[in-house]
Amino acid sequence: MTLTLLLDNLLSAPVIAFVVAVIATLARFDLRLPDALPSILSAYLLFAIGLKGGRSLSESTFTDLIFPIIIAVAIGIVTPLAAWAMMRTFVKLSNVDAAGIAAHYGSVSAVTFVVVLATLDAQNMFYEGFVAGLLAILEVVGIVVGLSLARNRGSNLKKVLLEVTRGPSIALLLGGIVIGAAVGDARLAATDPLFVGLFTGALTLFLLEMGRLAGERLRDVVSAGWRLIAAAILLSIINGTIGAALSALSGLSTGGIAIMATLAASASYIAAPAAVRIALPEANPALSITTALGVTFPFNITLGIPLYIALAGWFS
Amino acid sequence: MRIANRQLLTIVAEAALEQRLIDDLKRLGASGYTASKVRGEGRTGRHLQYLTGPSVELETIVNDDVAEAILTHVAENYFTHYAIVAWLTPVSVLRPERF
């Protein structure tokens, strides 16, 4: 079962595009997409998953949502703490560097989220569409907890929080959710050719770009030291397990648990880096970007997601 | 034609600082600015571009006092931990009351 899952995931178009782009970049092929395209694709993907979430939200009741929301907040608090503890004790980083990495791991990777959705869709596994809203909660809570670990300049934290929430990634996602919920399932059908039909194709193209970025980071990974690499992989597995175990309590379906586990295991490299740069300028940005983008992201996209789906089956 | 001397203040910084720097410029007396996305490599290497996108270049024409106030503020708040450079170029402008 797990092996089939693994193969299904590895052989999907987005994942193969990612792997090919990583290898091509390591071999110094120039796979850069035209300048504005990656930003357009990421805006499209975020808005499309928002729409999808909003659509399912319009058909959910408050009682469907309340436990998953509480669990999302709990995951947002526990995962950065686990990251911080791991970086302090196992890798022996300074407090501020550990807090910077904790904010990245508490926050989530929207691209990893989109890949797990695509994987579940390909396997016809059911999941609750409103999890897109939980992504927004995790993103914000995780960053705040991570930054609080460094305990400096409380007033700054509020400003950073506002910047993260209003920044383009969360804003597009929330905008999509609101629009999707307001328009409703039936009337959204007219937009399906763009936001549903082209989704996997757009994701494949975007993962080409992500593979290129990860490939460039991978060159630095070697110099980061084995402890940091091992910690980044272990942390994904630990946080994924925590995410699966906690969300099994919330009444989510197996697919929903798999998504929450994947979110818990993922690390942000869009919202978190900017927030950490502003709030914790002393933290070394190379450490967190290398672990989040060079280690955790490739691990999750290839091996992690099948593992979290298997874990979800076990916990539910 | 009335030509006067002013300072062209140029700041090149990592993208994460863009909004902060713009707020600083306005607060410290610049009457306007021009921003562009730029690429390059400096002492901190190119790695920051992958974090927050290409660097930002801000240009503003100001008088000597405002130039000094902005440079002092930038040096005190950002020079230690961020990828940032700032410099002044003397320029001649028409309509000096605008700057």
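Some notes on this structure:
- Scan the range A:267-285 for residues that are within 16 Å of A:Val140 (Cβ to Cβ) and within 7 Å of chain B (Cβ to nearest Cβ) and the total you get is 3.
- The range B:1-24, subset away from chain A (no Cβ under 14 Å) and surrounded by 18 or more Cβ atoms within 10 Å (Cβ to Cβ), residue farthest from B:Arg98 (Cα to Cα): B:Val12
- The single residue among A:Ala72, A:Ala83, A:Ala48, A:Ala21 that is more than 16 Å from the chain's Cα centre (by Cα), part of a helix (DSSP H, G or I) and buried (at least 19 other Cβ atoms within 10 Å of the Cβ) turns out to be A:Ala21.
- A:Leu246 vs. criteria away from every other protein chain (no Cβ under 12 Å), aliphatic (A, V, I, L, M) and outside any helix (DSSP H, G or I): no
- Of the candidates A:Thr165, A:Thr79, the single residue that is in contact (Cβ under 8 Å) with a residue 12 or more places away in the chain and touching a Phe, Trp or Tyr at 6+ places or on another chain (Cβ under 7 Å) is A:Thr79.
- All helices (runs of 4 or more DSSP H) inside the range A:269-316 with 2 or more residues being at pLDDT below 85 and within 19 Å of A:Arg227 (Cβ to Cβ): A:285-289
- Any hit, the range B:64-85, residues being modelled with pLDDT under 95, within 14 Å of chain A (Cβ to nearest Cβ), touching a strand residue (DSSP E or B) at 6+ places or on another chain (Cβ under 9 Å) and farther than 23 Å from A:Ala271 by Cβ: yes
- Filter result for the condition that a residue is crowded, with 18+ Cβ neighbours inside 10 Å and modelled with pLDDT under 90, over A:Leu203, A:Leu149: A:Leu149
- Of the criteria (1) over 24 Å from A:Thr204 (Cα atoms); (2) crowded, with 21+ Cβ neighbours inside 10 Å, which one A:Gly133 fails: (1)
Each row is one residue, and each column tells you yes or no for (1) under 28 Å from A:Pro14 (Cβ atoms); (2) in a helix (DSSP H, G or I); (3) over 16 Å from the mean Cα position of the chain (by Cα).
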{"position": "A:Asn124", "(1), (2), (3)": "yes, no, yes"}
{"position": "A:Leu135", "(1), (2), (3)": "yes, yes, no"}
{"position": "A:Leu147", "(1), (2), (3)": "no, yes, yes"}
{"position": "A:Glu163", "(1), (2), (3)": "no, yes, yes"}
{"position": "A:Ile170", "(1), (2), (3)": "yes, yes, no"}
{"position": "A:Val178", "(1), (2), (3)": "yes, yes, yes"}
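- Checked against the criterion of being within 14 Å of another protein chain (Cβ to nearest Cβ), out of contact with any helix residue (DSSP H, G or I) (no Cβ under 8 Å at 6 or more places or on another chain) and surrounded by fewer than 24 Cβ atoms within 10 Å (Cβ to Cβ), the range A:218-232 contains one or more residues that satisfy it.
- Matching residues, the range A:51-69, being loosely packed, with under 15 Cβ neighbours inside 10 Å and assigned to a loop (DSSP other than H, G, I, E, B): A:Glu59, A:Thr61
The values are calculated or read from the model by the stated rules, or taken from the named source; none is laboratory data. Quick caveat, the model's predicted, so the values are computed rather than measured. Every residue, glycine among them, receives a Cβ derived from its backbone with ideal geometry; neighbour counts consider all protein chains shown.
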